[in-house]
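The values are calculated or read from the model by the stated rules, or taken from the named source; none is laboratory data. Quick caveat: nothing in here was measured; it's all calculated off a predicted structure. Positions of Cβ are backbone-derived with ideal geometry, glycine not excepted, and every protein chain shown enters the neighbour counts.
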Amino acid sequence: MEPLKQVEGRAIPFGAKNVDTDVIIPAHWLKTITREGMSKGAFETLRQDPANLFDSETFKGAPILIAGDNFGCGSSREHAAWALMDLGIKAVIAPSFSDIFSGNAFKNGILTVVLPQAAIDRLMDVAQTDPVHIDLESQTVTTPFQDRFTFEIDPFRKHCLLGGLDEVGLTLARDEAISAYENEAGATMPWLNKGVVAA
Amino acid sequence: MTTGKPRTLYEKIWDAHVVERREDGTCLIYIDRHLVHEVTSPQAFEALRLSGRKVRRPDLTLAVPDHNLPTTARRDSAGHRIPIADPESAQQLAALERNAPEFGVRLIGDADAEQGIVHVVGPEQGFSLPGATIVCGDSHTACHGGLGALAFGIGTSEVEHVLATQTLLLSRSKTMEVRVEGQLGPGVSAKDLVLHICGVLRASGGTGYVIEYTGEAIRDLSVEGRLTVSNMAIEHGARAGLIAPDDKTFAYVKGRPYAPKGDEWEAAVAWWKNLATDPGATYDKVVVIQAADIAPTVTWGTSPEDTVPITGTVPSPDDFADPSKQEAAAKSLAYMGLTPGTPMQDVEVQNVFIGSCTNSRIEDLRAAARVLKGRTKAPTVRWAIVVPGSGLVKRQAEAEGLDRIFIEAGLEWREPGCSACLGMNPDKVPAGERCASTSNRNFVGRQGPGSRTHLVSPAMAAAAAVTGRLTDVRDLADVRELG
C-alpha cells in the first residue's frame, strides 16, 4: 500500500445520502477477477447522465469525494472501494459511513473522513470552485479560505495509512504468536488442526 | 474452559481462538476453517501472487465453485465439459481452478459429486464443525452457526488475510439471545420461524451482535432446520448466528469425511458438550418469541424484514409508525406491484425456486416433495426449478425418488449451485414476474432485474407451484404428512 499522508486537490461535491454499494458499483461488475479497471463501472448508472460530476472537466480524476450520511451501505463487496480507488479517489468525506465500507476502504488505502453535516455543507460550497486539503497527521481538513475542520480516526488505521502498512504484512510479522497458538490448540483441540486431511 | 465467570457460547468459542489480545481490545483470532468460492477469491489469490505470499494452511481451506455455475448439465455424454456461455462466469471458474492447485488448496470441481453451495458442502463434508471459527467471502456463512460454530462472512481483503495468516483482527461483538419458547405448529417450518424473527428484529436489529438462538422450538429443530435459521442471521444484521450443539448435532457430524474419528471424536464431543452457555451467563440483549404465534410466513416487500403470515394481507405504508419506513414501504409496494389490503393468498406467482444455501438440503427437498406428491404445477406457473444444495443431496434425493415426484409434478430437476437466489448464473426471474422462492433475500433485482421475490419455506414454495399463487400449505396438504 502507498503511504497516505496528505490529500490535496479538487473534491467532488457529490453530497448524496445513503449511497449504497450497488450505486457505487453495480452487481454485474462482481464477475471480474482483478481489482483493476473498475472505474468503468463506478457510479455507472449516475454516469449515464452526460452532465454527471464524475466525468466533468473540473472533477474528472479528483482525489476527494464529498458525500452525505451512511455512505457505502448495502453489500460487503470490496469492489466498491476498488472502484473508487480506480477513479483516483484517495479520500471520502461524509457525516457517516457503513462499517463494512469504511473497513474495506481502509484496507485499500482510502481515507474515510467523518465530519459533521455543517462542515460538509461548507466543503460542498468550497469544492465548487476551489481545492480541499486533508492532512492525516494533524487530522485536519482545510480550505484556501482559512476553514479548518478536525476529524477523529482510529489510531491503528492512522498508523497503517501513514506508513503504507498492509494489515497482512503486519499480521505475518506475528508469525511466532500464530505458530504458538497452532501448537497449543493442536494439542487441546487436535481435530480442529486437521481440516481437509481426513482424521 | 470451565473456570471463571459464566460465559455464553459465543464467549467460549471466542476465548478458545484468541491468538493475541491487543491494547485497544481487538484480538487476533485464529480461523479453523476457510471456505473459498469463485466470486470473492480471485483478487485475494492475485494479491498473494503479487506479494509472493503463500497460503498458510491450505489444509484448513476448501475451495468450491457455486455462484456462477449453470444448473444444467456440466458434462456431455462423453464426459467433456460443456462450456459456460457467459465468458465472465467462465473466467471466474477458470481462475478458481487455476488458483486452488497453485496454492495447494483442495478444490471440489464443478462436476464432482461433492460439489455444491459452500454452505451446504461445509457441514455435509464434516469440514464445518461445532466450536470452530469458520469464514467465507460470503455473508451467508452465518449458516454454519447452526452446528454451534462461530461463522461469518468476510470481504476480499479479509479473504486474503486469512489465506496468508489463518487469522483475522476482530473486535468482540455484543451478544443477543433470541429465545423461541414453546413448539411450532403443524406445517410451520424452520424457514417460517426465521422469517418471523426477521420481521420482529427488523433488518438491522442484530447489527453489532452475534445472536444465539435458544429455546424449545430451536432445540426441537433438526440440524438442517438449525442451519436454515442461522443462515439468515445476517438478514437481521447480525454478524453471526449460533445454536448450541447437542446430541442431534453430534449425530449429524459423526462419520462425515472430515469429521474427527476414534479417540479424537470422543475428545471433540466432550469439548463440544461444554460449549453451551453457562447458567448465569448474561447476554447484552434478550428477545423472546412465542413459537405458537408463528404461522407459515411470506414476505411482501423488498427487505427480509417485510414479513407477514400467509393468512394476512399486504400492509399499507400507513401501518408503519416510522416515516422513513413508510417511504420505504411505499417504494417496495410499487416495485412489487402490490396493493395494500390484498390477501397474501391472492398474490399470483409465475415462478417457483426451491434451492439456495437457506433451503436446499435433503430435508427441504423432502418437505417440498411431500406437498408435490400426486399433485401438478399450475399451468400459470411458467418456470419452477428445484436446485439441490450439493451433488450428494441430489444423489440422496434421487435414491429416495424425490426427483421423480418433482418431474412428474412439472418442476425441473437441476444441478447444484446458488442459482436463482442471486442470478449470477443463467437462472433468473424475468422483470415484472413474481417468484415464490426458498432463498434468503428479496432485494430489488436480486433474482434478476425487475424480479419480484416472495420468500417462503420449501413446503410453501411447493404449494405455490401447485396453485399458482401464494398458498397456506396447511390448507392444501394434510399437515400430518408435512412432518
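Values for this structure:
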| quantity | calculated |
| --- | --- |
| Qualifying residue in segment B:54-68 (condition: of a type in the set (S, T, N, Q) and within 12 Å of chain A (Cβ to nearest Cβ)) | yes |
| Any hit, segment B:324-338, residues being polar (S, T, N, Q) and not in a helix (DSSP H, G or I) | no |
| Elements of type helices (runs of 4 or more DSSP H) contained in segment B:406-483, each with 1 or more residues being touching a residue at least 40 places away in the same chain (Cβ under 8 Å) and under 16 Å from the mean Cα position of the chain (by Cα) | B:458-467 |
| Residues of segment B:48-60 satisfying the condition of being of a type outside the set (D, E, K, R) and in contact with a Ser or Thr (Cβ under 8 Å, 6 or more places away or on another chain) | B:V55 |
| Residue tally, condition within 17 Å of A:K31 (Cβ to Cβ), touching a residue at least 24 places away in the same chain (Cβ under 8 Å), facing chain A (nearest Cβ under 10 Å) and of a type outside the set (S, T, Y), over segment B:18-53 | 6 |
| Qualifying residue in segment A:101-110 (condition: surrounded by 23 or more Cβ atoms within 10 Å (Cβ to Cβ), more than 12 Å from chain B (Cβ to nearest Cβ), closer than 30 Å to A:D22 by Cβ and touching a residue at least 60 places away in the same chain (Cβ under 8 Å)) | no |
| First in segment A:1-25 and free of Cβ contacts under 8 Å to residues at least 40 places away in the same chain, second anywhere and surrounded by 15 or more Cβ atoms within 10 Å (Cβ to Cβ) and part of a loop (DSSP other than H, G, I, E, B), Cβ under 6 Å, 6 or more apart | none |
| Of the criteria (1) touching an Asp or Glu at 6+ places or on another chain (Cβ under 6 Å); (2) away from chain B (no Cβ under 11 Å); (3) loosely packed, with under 14 Cβ neighbours inside 10 Å, which one A:V197 fails | (2) |
| Subset of segment B:149-159 [facing another protein chain (nearest Cβ under 7 Å) and touching a strand residue (DSSP E or B) at 6+ places or on another chain (Cβ under 8 Å)] | B:G153 |
| Hits in segment A:95-148 - residues which are over 19 Å from the mean Cα position of the chain (by Cα), outside any helix (DSSP H, G or I) and of a type in the set (D, E, K, R) | A:D130, A:D147, A:R148 |
| Single match in B:V456, B:V444 (criterion: out of contact with any strand residue (DSSP E or B) (no Cβ under 7 Å at 6 or more places or on another chain), among the aliphatic types (A, V, I, L, M) and closer than 20 Å to B:V314 by Cβ) | B:V444 |
| Among (1) exposed (fewer than 15 other Cβ atoms within 10 Å of the Cβ); (2) farther than 27 Å from B:T156 by Cβ - the single one A:D147 does not satisfy | (1) |
| Filtered residue count, segment B:374-405, keeping only those that are closer than 30 Å to B:P257 by Cβ and not acidic (D, E) | 18 |
| Among the residues listed as B:Y258, B:Y335, the single one being assigned by TED's automatic domain parsing to the domain that holds B:L62 and touching a strand residue (DSSP E or B) at 6+ places or on another chain (Cβ under 9 Å) | B:Y258 |
| Candidates B:G185, B:G79, B:G137, B:G145 - the one that is in contact with a helix residue (DSSP H, G or I) (Cβ under 7 Å, 6 or more places away or on another chain) and surrounded by fewer than 20 Cβ atoms within 10 Å (Cβ to Cβ) | B:G185 |
| Hits in segment B:241-255 - residues which are among the basic types (K, R) and either touching a residue at least 12 places away in the same chain (Cβ under 8 Å) or assigned by TED's automatic domain parsing to the domain that holds B:V178 (or both) | B:K248 |
| Residue satisfying condition, being more than 24 Å from the chain's Cα centre (by Cα), among the hydrophobic types (A, V, I, L, M, F, W, C) and assigned to a helix (DSSP H, G or I), within set B:L50, B:L93 | B:L50 |
| Enumeration of residues in segment A:154-179 that are surrounded by 13 or more Cβ atoms within 10 Å (Cβ to Cβ) and under 12 Å from B:A164 (Cβ atoms) | A:D166, A:E167, A:V168, A:G169, A:L170, A:T171, A:L172, A:R174, A:I178 |
| Residue ID - farthest from B:R49 (Cα to Cα), chosen from residues in segment B:96-121 that are part of a helix (DSSP H, G or I) and more than 11 Å from chain A (Cβ to nearest Cβ) | B:V120 |
| Candidate set: segment B:353-377, residues that are in a helix (DSSP H, G or I) and of a type outside the set (A, V, I, L, M); chosen: the one surrounded by the most Cβ atoms within 10 Å (Cβ to Cβ) | B:D364 |
| Qualifying residue in segment B:53-62 (condition: in a loop (DSSP other than H, G, I, E, B), surrounded by fewer than 16 Cβ atoms within 10 Å (Cβ to Cβ) and at pLDDT 95 or above) | yes |
| Hits in segment A:152-184 - residues which are in contact with a helix residue (DSSP H, G or I) (Cβ under 7 Å, 6 or more places away or on another chain) and facing chain B (nearest Cβ under 7 Å) | A:E167, A:V168, A:T171, A:L172, A:I178 |
| Test: B:A100 is over 23 Å from B:L227 (Cβ atoms), surrounded by fewer than 20 Cβ atoms within 10 Å (Cβ to Cβ) and of a type outside the set (S, T, N, Q) | no |
| Any hit, segment B:213-221, residues being within 22 Å of B:R446 (Cα to Cα) and crowded, with 17+ Cβ neighbours inside 10 Å | no |
| Verdict on B:V162 being in contact (Cβ under 8 Å) with a residue 60 or more places away in the chain, of a type outside the set (F, W, Y), outside any loop (DSSP other than H, G, I, E, B) and away from chain A (no Cβ under 14 Å) | no |
| Boolean, A:L65 is closer than 26 Å to A:S138 by Cβ, in a loop (DSSP other than H, G, I, E, B), away from chain B (no Cβ under 14 Å) and touching a residue at least 24 places away in the same chain (Cβ under 8 Å) | no |
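Here is a yes/no grid of residues against (1) surrounded by 18 or more Cβ atoms within 10 Å (Cβ to Cβ); (2) farther than 30 Å from B:D472 by Cβ:
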residue: B:V229; (1), (2): yes, no
residue: B:M232; (1), (2): yes, no
residue: B:Y252; (1), (2): yes, yes
residue: B:G301; (1), (2): yes, no
residue: B:D318; (1), (2): no, no
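Every residue, every condition in (1) of a type in the set (S, T, Y); (2) at pLDDT below 95, yes or no:
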| site | (1), (2) |
| --- | --- |
| B:V314 | no, no |
| B:A321 | no, yes |
| B:A328 | no, yes |
| B:A334 | no, no |
| B:L338 | no, no |
| B:S356 | yes, no |
| B:A368 | no, no |
